[in-house]
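Below you'll find the structure, written out as structure tokens, and then a few comments.
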Amino acid sequence: MKLVNYRVGESIRAAAIVGNQVIDLNRAYVAMLEAQGQARAEKVAEALVPANTIEFLEGGDKSLEEAYKAIEYAQAEEATNPKIVLSKDDVRIEAPVLKPNKIICVGHNYREHILEMKRELPPYPVIFAKFNNAIIGPEDDIPNSPLTEQLDYEAEFTFVISKKAKNVSKEEALDYVAGYTIVNDVTARDLQRRTLQWLQGKTLDGSAPMGPWLVTKDEIPNPHELEVVLKVNGEERQRSNTANLVFDVNYLVEFLSSIMTLEPGDVICTGTPGGVGVARDPQVFLQDDDVVQIEIDKIGVLENKVKSVTNAVKVGR
């Protein structure tokens, strides 16, 4: 299933993308239950297939199973209700997870990227955080803030947690994964390197484009064989495969859940391959109107344009 959040006006709801159709999962499930004569259909649907994406993920395999039934019902009935089956052209697709409790990023996790940054393989994952203000969707522009002159791209294969995870073993790790998506870990290199801590260079508004959807894990049984490619204006800048991760998904779930409790909807960005702009000779950074395209096997393509913003205040000493 390709899970999305879609917006119509001020309303944001969970849906599945099927071709050019956007199927509202909650409303489709309500309609199916009502057709079956189910009493209190809206209450049942609210519990099993809620309209909020993170609440839907909390439902785990049962919610996913019922959501597939809702999709089949909507398609079989050729639903004409515009609140159930919508055209992708008539709605705005937002990031598949909008307000996660945590966005955990892993640095230096592809061997070639570690080498280009002139570092040694880390004995433990290098982790840092981004925040909700950074998330934008596949139809949004990447803000080019006047605070930075070194805006860089980072293609990231990303997974999302499905249920509370604490001290999970590698063998059980994928049971706690809801699915997979793409994040561009946009980084202001000059801000990142002002101090030993990277955070300020990683948390600009709009610095985590996410999408184009969340592919549920049943469609990607092996997350460690996926090609990752990033292009800027059609020019290839990054290419690798998730087989080259130093710390794979299973290890990261085990490692992170030993440190902190992972919760449904938590977003884990697994690191970027070699080819980032700051490591090139000469260095190259994102400019206004650049188009950044990231493609990952079995997930799809995330594409965003860079656009300048002016409402930023520079703070100096």
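The values are calculated or read from the model by the stated rules, or taken from the named source; none is laboratory data. These numbers were taken from a predicted model, which means no experiment stands behind them. When we count neighbours, we look across all protein chains shown, and the Cβ atoms used for this are built from the backbone with ideal geometry, even at glycine. Note: areas computed on protein heavy atoms with side chains; ligands, DNA, RNA excluded. Shrake-Rupley method; radii C 1.70, N 1.55, O 1.52, S 1.80 Å.
A few points about this structure:
- Mean separation of Cα contacts under 8 Å, 6 or more apart, over the residue count of segment 1-144: relative contact order %: 25
- Multiplying the residue separation of residue 89 and residue 43 by 0.36 nm and subtracting their alpha-carbon distance yields 13.5 nm.
- In range of the label at residue 225: residues from segment 267-296 whose backbone nitrogen is under 18 Å from the point 7 Å along Cα→Cβ: 296
- Most mobile listed residue (272, 148, 242) in the chain, GNM with C-alpha springs under 10 Å: 148
- Ligands, DNA and RNA left out, the 1.4 Å accessible surface of segment 69-197 is 48% carbon and sulfur atoms.
- Anisotropy class assigned to segment 78-220 is oblate, per the alpha carbon gyration tensor with a/c at or over the 1.5 cut-off and a/b no larger than b/c.
- Shape class of segment 268-311 from the Cα gyration tensor (axes a ≥ b ≥ c, square roots of the eigenvalues): oblate, since a/c reaches 1.5 or more and a/b does not exceed b/c.
- C-alpha center-to-center spacing [segment 291-308, segment 14-78] in angstrom: 29
- Potential lengthening between residue 171 and residue 298 on full extension [0.36 nm per residue; Cα-Cα distance subtracted]: 43.4 nm
- Contact order relative to length of the chain, as percent, for alpha carbon pairs under 8 angstrom and 6 or more apart: 22
- Inter-site label distance for residue 149 and residue 195 at 7 Å from Cα along Cβ, in nm: 2.2
- Set of aspartates and glutamates near residue 69 by C-alpha distance (under 17 Å), chain-local residues within fewer than 8 positions excluded: 24, 34, 42, 46, 61, 77, 78, 218, 219
- Peptides ranked, highest mean first, by Cβ atoms within 10 Å: ranges 96-107, 113-124, 26-37, 217-228: 96-107, 26-37, 217-228, 113-124
- Overall form of segment 96-170: oblate. Here a/c, set by the Cα gyration tensor axes a ≥ b ≥ c, is 1.5 or more, and a/b is not larger than b/c.
- Over 20 Å (Cα to Cα) - which of 2/166; 2/99; 43/83; 102/305; 99/202 fall in this group: 2/166; 102/305
- Counting charges near residue 104 (Lys, Arg +1; Asp, Glu -1) among other residues having Cβ under 9 Å from its Cβ returns a value of +1.
- Among the trypsin sites (Lys or Arg not before Pro) in segment 43-73, none is located in a DSSP loop while being surrounded by at most 10 other Cβ atoms within 10 Å of its own Cβ.
- Cα-projected label distance for residue 259 with residue 11, points at 7 Å along beta-carbon direction, nm: 4.1
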